[in-house]
Amino acid sequence: MSQSEREGRLALQEADKKAQYKGWFGSNKLEEATDLYAKAANAFKLAKLWKEAGDAFVKQADVLNKMNERDEACTAYLNASKAYKKASPHDAVRCLQQAVEILVDRGRFSAAAQNQKQLAEIYENEIADFAQAMRAFELAAEWYHGEDSNAGIDVSDDLKDFVRARQAIERYQHMDVTFADTRECKFLKELLDAVDAGDAQAFTDSVANWDRLSKLDSWKTTLLLKIKKSISEEVDFT
């Protein structure tokens, strides 16, 4: 056992004792417990024990919730998700969901959207659950739109990386063999082809055909108009 792991386990043991204290000055003991859980988590991180680090941060968050320190609990859940991401993606998702719930309750929708986007990326890249990733991305988009913010989605940077975009579509097709035959897949390919060719008219026609059958909401329309404008201005994406 390394020194860091030993320190982490000792801090964790002491934190558990203080978290369960029922006598006088209980609030002081809880505050001490949160500090010790953070100390344990950071020691486990040094020892590269990511699951243990995440578990300690979750315990810290639980105590902070008990103290009604919701903002600090949110930070602890986010720290837990970062640790879990290296060892247990499903646990990382669970902690991000708890953090996002707090952010939404606080009315901090831009921050909620940013973390929801991270959650979606874990579903996509670590867990390979395309359906959950899409739902998570859509929810993030709704919150960005509600805050009238497109800051979280950099259209120009995404458009520059055609190889990455096409690889993503190919990856989705491998995840779900039926995806290639869907309207969504064909629509995405048409858009990429139009942007790649600098053909604003083909892009417009593709969007119009889609919109006739599946009405686009205002947020998607705004993004698509930005892309069309970038084509019309003949931006060099190479």
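Derivation of every value follows stated rules applied to the coordinates shown; laboratory data play no part. If you're wondering where the values come from, they're calculated on a predicted model, not measured in any experiment. Glycine also receives a Cβ, built like all others from the backbone with ideal geometry; neighbour counts cover every protein chain displayed.
Quick notes on this one:
- For segment 112-127, no residue has its backbone nitrogen under 13 Å from a point 7 Å from the Cα of K48, taken along Cα to Cβ.
- Annotation for S232 and T182: the two label points, set 7 Å from Cα along the Cα-Cβ direction, are 3.1 nm apart.
- Protection proxy ranking, highest mean first, for peptides 92-100, 224-232: 92-100, 224-232, where packing is the per-residue count of other beta-carbon atoms within 10 Å, averaged.
- Estimated FRET transfer efficiency when R0 is 30 angstrom, pair D193-A128 (beta carbons, to 0.05): 0.70
- The overall shape of segment 83-150, judged from the alpha-carbon gyration tensor, is oblate: a/c is not under 1.5, and a/b is no greater than b/c.
- Working from the Cα coordinates of the chain, the gyration tensor eigenvalues give, after taking √(5λ), semi-axes of 45, 19, 14 Å in decreasing order.
- In nm, spacing of pseudo-spin labels at E101 and D211 (7 Å Cα→C-beta vector): 3.9
- Using only side-chain charges placed at the Cβ, +1 for Lys and Arg and -1 for Asp and Glu, the dipole size of the chain relative to its Cα centre rounds to 940 debye.
- Above-threshold pairs, the threshold being 30 Å between Cα atoms, out of K85/K226; K51/K220; K22/K48; K45/K220; K117/K226; K66/K117: K85/K226; K51/K220; K22/K48; K45/K220
- What the Cβ-Cβ distance of S110 and K66 gives, at R0 = 25 Å and to the nearest 0.05, is a FRET efficiency of 0.35.
- log₁₀ of I(q)/I(0) at q = 0.16, 0.19, 0.20 Å⁻¹ - segment 3-83, Debye sum with one point per alpha carbon: -0.51, -0.70, -0.76
- Extension gain (nm, one decimal) between M1 and Q201, 0.36 nm per residue minus Cα-Cα: 65.5 nm
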